[in-house]
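Note sheet for the following structure.
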Amino acid sequence: SREAGTFGAAIAREVGDRLGWPVYDRELMQRIADDLGIRRILLESLDERQVSWLSECMAGLFATPNVNQVVYFRRLVELLLSLASHGECVVVGRAATVIMPAATSLRVRIVAPLAHRAEAVRRADGVSLKEATTRVETTDRERNRFFTDHFQIDPTDPANYDLVLNVARFSPAECADLVIAALGRLRSH
């Protein structure tokens, strides 16, 4: 799990590379799109966002009729449970910390102060600090609402995670070190 602007996917890829494990981020959407026989772009408006009933009805008039929030969410849960049964993978976001079994998963949250995250997005996307801050806040709000609406759990509550890392204090490589060390401790118990 990650706050917007923390580049949690880069940390996940570093962990996956070091462990030789596959990493699933946007690849999850691609697999769901392939299963549904549609293009991934049609799912992107549903990914980690809560869609209003009216918006979903309107979109249904102009899109593939079998693609909506319910279908996407059901496929996402099925895919995550399938990945969990195979083990040894890294999943970025998409409420995997709730869906995947806690007994066999290391639940990690990547965080940083808003100013740090906005500056990171400003540099990465070449936008103004104001625009970057708006993007970070909007993405956080959408992700948190998706999580809360589907699971009635606060995704920002540190008690929902085994490890919370602040990227304003640790580099991505150091975060990967800490995740791998925590995984080693978890596996030794």
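Below are the figures for this structure:
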| item | result |
| --- | --- |
| Kirkwood hydrodynamic radius of the stretch 119-158, Cα pairs, Å | 11.1 |
| Theoretical gain in end-to-end length, SER82 to ASN68 [0.36 nm per residue, Cα-Cα removed] | 2.9 nm |
| Sum of -39500 (n - 2.57) over DSSP H runs of 4+, divided by residues of the chain (222 nm, nearest 500) | -18500 deg cm²/dmol |
| Which label in (1) 50, 43, 29; (2) 102, 29, 26; (3) 85, 33, 30 gives the computed Cα extents along the principal axes in Å | (1) |
| Point-to-point label distance, THR138-ASP154, nm (Cα→Cβ direction, 7 Å offset) | 2.6 |
| Backbone HN-Hα couplings from phi across the stretch 86-97 [Karplus 6.51/-1.76/1.60, Hz, Gly and Pro as x] | 8, x, 6, 8, 10, 10, 9, x, 6, 6, 4, 5 |
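Throughout, read-outs are computed from the coordinates displayed, never taken from laboratory work. Every value quoted in this text rests on a predicted model; they were computed, and no experiment measured them. Neighbour counts run over all protein chains shown; Cβ positions are idealised from the backbone, glycine included.
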